[in-house]
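The structure under discussion appears below in the form of structure tokens.
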């Protein structure tokens, strides 16, 4: 499989100093600007306020509600078009949605690319029976598949899905995702740096667009990005500033 290394927005964890640093890390190529703005301004997708992920990790913003982007059929189609183009470039035979957040987007990509659709189960997902098949829908055995998910961060979930697909005899050729969150991940699994992966936007790009269009207050945005990039400890006094700004 041909692989390539993708450059992460802040792979070396460069400490942010001022607005210029944030602008550098969140710059979006012109052709994608409109689509990123439409995604970032979906009602409820970006929400200010300190939150916790899995009741453990403290977050400067609420987790993205990516599923809100699926409510607009025209937007969903437009988000799927780049995925269909990627599938054609990689010679994919089947579009596979990652349970559960990737299924609606994968369905739209499959329709846009006129390719068969399947979905892969999330390993360990509550409610599954042991005898259930790992992959449902089109057959993936011996076929080139493009995996579609709503987000990729550390790549651990990607590894698990890849294992499920490999067990079914699929040839995973690439990944398409709505939001690439590797730019704020503490660590990134090898598969997420070597497998061809494209997205609509990075997490920092989404936050920058949300700020530009009035969804986030600029002060909240700057503090949130600093917290994400520099991984503030729980006792950092700036959490209070962030809470006040939000």
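A few points about this structure:
- Among 236, 150, 93, the ranking by other beta carbons within 10 Å of each residue's beta carbon, starting with the fewest, stands as 236, 93, 150.
- When you count the other C-beta atoms within 10 angstrom of each residue and take the mean per peptide, 94-105, 190-201 line up highest first as 94-105, 190-201.
- Relative contact order [Cα under 8 Å, 6+ residues apart], segment 19-245, whole percent: 21 percent
- Note on segment 151-174 and segment 66-96: Cα centroid distance 18 Å, given to the nearest whole angstrom.
- Between segment 214-243 and segment 177-192, the alpha-carbon center distance in angstrom: 20 Å
- Dividing the alpha-carbon radius of gyration of segment 19-245 by the rule-of-thumb value 2.2 N^0.38 Å gives 1.04.
Read-outs throughout are calculated quantities, based only on the coordinates presented, and are distinct from any laboratory measurement. Note that this is a predicted model, so its numbers are computed, not measured. Here the Cβ is made from the backbone with ideal geometry for all residues, glycine too, and neighbour counts use every protein chain on show.
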